[in-house]
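Beneath this line is the structure, given in structure tokens, with notes to follow.
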Amino acid sequence: MNVILLKSNDSSTSDRYVDYLDAQHSPLLNNIEQINLLKFNYQNLELLKSKLFILLLEKTNYEHYVDEYFKCLILTSRQTVESMQHALNLTIDSTNLPTVNLNTQLENIKDKFLVYCVGEATASRFRQLVQSIEKINPGLNQRLVLRLVDDSTKTVHKQNARELFNLIKQDYELIKPSLKPTGQKFKYALYPCSKIRKDDLSKSLSDNAISYEEINVYDTVPSQSGIDKLTASLDKLDGVNILVFFSPSGCESVFKDKNLSTLIKSKLNLFKMVSIGPSTSVKLKNYVDASLIYELSEPSPKALWNSILTISSQIC
């Protein structure tokens, strides 16, 4: 079997799914390949910079920021952190793990700035960003409080959104009595996000009168080089191909490309589709029969391996 993981142009040097499958040393797997099928176009960076400059780069006036502008920052993906990196024109060393430590407890937070991160990958990237900024603005880490939502066991997007909102609301109720906004521009949260972000979090914030400013900082688009690479791979591979989709956008990129879609559908008996979660499965069902789709029990390398074993047992 050939396993092809269809992902985004993640800047990490290795992929945990590929590493896990390689570590199985299984004769079932003839070929394991990651293809970066999507890329990110960053936008509104000057606007984002204007919102973050005083907080992150100025050594003075910080104490006024949490009263005049924002009390917290919401980061739901690595790409939102990378949009900040581009906006501030900073270089991040992604080859080394960050050594900077950030406080995670709500103690003495009157003048602190809260940063909510969904997933350890997002939090790790943010720590790397802070480490880079500290070369310019030492002591920044002392002003920040990191609040992490673990996404490693979540199988549904709404679980992440619900847990993130619950954490924000819990903190907000605790902090609200001490908030003393001095400017009309004050919003409780700054929320940089994808142009195609889900509505769950925004709706919950609005419904609970938690003020926020949303900025669309990136858009997800197909990578033509990834499409071409996938087409070339499928042309030459023999046997059963397992295509692993990590997002609805990935599904659209494959099946809206006429040549690639025709190639897959002409040999549909040689393909199985694996979906990272429910929203990706729903999108896949627009293009192929549900009997060809295997949804992971959780977004993890082990769950992918279990799905591959299930597929193998059914085709043998």
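Considering (1) free of Cβ contacts under 8 Å to residues at least 24 places away in the same chain; (2) under 22 Å from Leu234 (Cβ atoms); (3) surrounded by fewer than 18 Cβ atoms within 10 Å (Cβ to Cβ), say which one Ser312 fails and leave the rest. Every condition holds for Ser312 apart from (1).
If you take the residues of the stretch 257-284 that are open to solvent by 60 Å² or more (accessible area, probe 1.4 Å) and among the β-branched types (Val, Ile, Thr), which of them is farthest from the chain's Cα centre (by Cα)? The extreme case among them is Thr262. Anything in the stretch 255-292 that is among the aliphatic types (A, V, I, L, M) and within 18 Å of Leu304 (Cβ to Cβ)? List them, or say none. Answer for the stretch 255-292, where residues must be among the aliphatic types (A, V, I, L, M) and within 18 Å of Leu304 (Cβ to Cβ): Met273, Val274, Ile276, Leu284, Leu292.
Return the residue satisfying two criteria in turn: it lies in the stretch 181-203 and is of a type in the set (Lys, Arg) and touching an Asp or Glu at 6+ places or on another chain (Cβ under 7 Å), and of such residues it is surrounded by the fewest Cβ atoms within 10 Å (Cβ to Cβ). Within the stretch 181-203, the match that is surrounded by the fewest Cβ atoms within 10 Å (Cβ to Cβ) is Lys185.
Name the residues in the stretch 292-308 that are touching a strand residue (DSSP E or B) at 6+ places or on another chain (Cβ under 9 Å), closer than 20 Å to Asp150 by Cα and in a helix (DSSP H, G or I), would you? Talk me through it step by step, then tell me what you get.
Step one: filter the stretch 292-308 for residues touching a strand residue (DSSP E or B) at 6+ places or on another chain (Cβ under 9 Å), giving 292-296, 304, 307-308.
Right, trim to closer than 20 Å to Asp150 by Cα and you get 296, 304.
If the condition is that a residue be touching a strand residue (DSSP E or B) at 6+ places or on another chain (Cβ under 9 Å), closer than 20 Å to Asp150 by Cα and in a helix (DSSP H, G or I), then Leu304 is the only one that fits.
Just to be sure I understand, how many residues within the stretch 107-151 are open to solvent by 20 Å² or more (accessible area, probe 1.4 Å), closer than 17 Å to Cys193 by Cβ and aliphatic (A, V, I, L, M)? Within the stretch 107-151, residues that are open to solvent by 20 Å² or more (accessible area, probe 1.4 Å), closer than 17 Å to Cys193 by Cβ and aliphatic (A, V, I, L, M) number 1. For the stretch 80-97, the set of residues classified as open to solvent by less than 80 Å² (accessible area, probe 1.4 Å) and either at pLDDT below 85 or out of contact with any helix residue (DSSP H, G or I) (no Cβ under 9 Å at 6 or more places or on another chain) (or both) consists of Ile92, Ser94, listed by residue number.
Here Thr262 fulfils each of the conditions (1) in contact with a helix residue (DSSP H, G or I) (Cβ under 6 Å, 6 or more places away or on another chain); (2) among the β-branched types (Val, Ile, Thr); (3) free of Cβ contacts under 8 Å to residues at least 12 places away in the same chain apart from (1). Of the strands (runs of 3 or more DSSP E) lying entirely inside the stretch 191-291, those carrying at least 3 residues that are under 28 Å from Asn30 (Cα atoms) and among the hydrophobic types (A, V, I, L, M, F, W, C) are 241-245, 271-275. When you look at Tyr287, is it open to solvent by 10 Å² or more (accessible area, probe 1.4 Å), touching a residue at least 12 places away in the same chain (Cβ under 8 Å), more than 17 Å from Asn2 (Cα to Cα) and among the hydroxyl-bearing types (Ser, Thr, Tyr), yes or no? It is true that Tyr287 is open to solvent by 10 Å² or more (accessible area, probe 1.4 Å), touching a residue at least 12 places away in the same chain (Cβ under 8 Å), more than 17 Å from Asn2 (Cα to Cα) and among the hydroxyl-bearing types (Ser, Thr, Tyr).
Between a first residue in the stretch 72-95 that is more than 28 Å from Ile109 (Cα to Cα) and a second residue that is open to solvent by 30 Å² or more (accessible area, probe 1.4 Å), which pairs have beta carbons less than 7 Å apart while being 6 or more apart in sequence or on different chains? Short answer, once both residue conditions are applied: His86/Tyr42; His86/Leu45; Ser94/Ser11; Ser94/Ser12; Thr95/Thr13. A single member of Leu146, Leu56 is modelled with pLDDT of 90 or more and among the aliphatic types (A, V, I, L, M), and it is Leu146.
Can you spot a residue in the stretch 161-178 that is part of a loop (DSSP other than H, G, I, E, B), among the charged types (D, E, K, R) and closer than 23 Å to Leu102 by Cα? Within the stretch 161-178, not a single residue is part of a loop (DSSP other than H, G, I, E, B), among the charged types (D, E, K, R) and closer than 23 Å to Leu102 by Cα.
The values are calculated or read from the model by the stated rules, or taken from the named source; none is laboratory data. Just so you know, these numbers come straight off a predicted model, no measurement behind them. Here the Cβ is made from the backbone with ideal geometry for all residues, glycine too, and neighbour counts use every protein chain on show. Just so you know, the surface numbers come from the protein's heavy atoms only, side chains and all, with ligands and any DNA or RNA stripped out. Shrake-Rupley method; radii C 1.70, N 1.55, O 1.52, S 1.80 Å.
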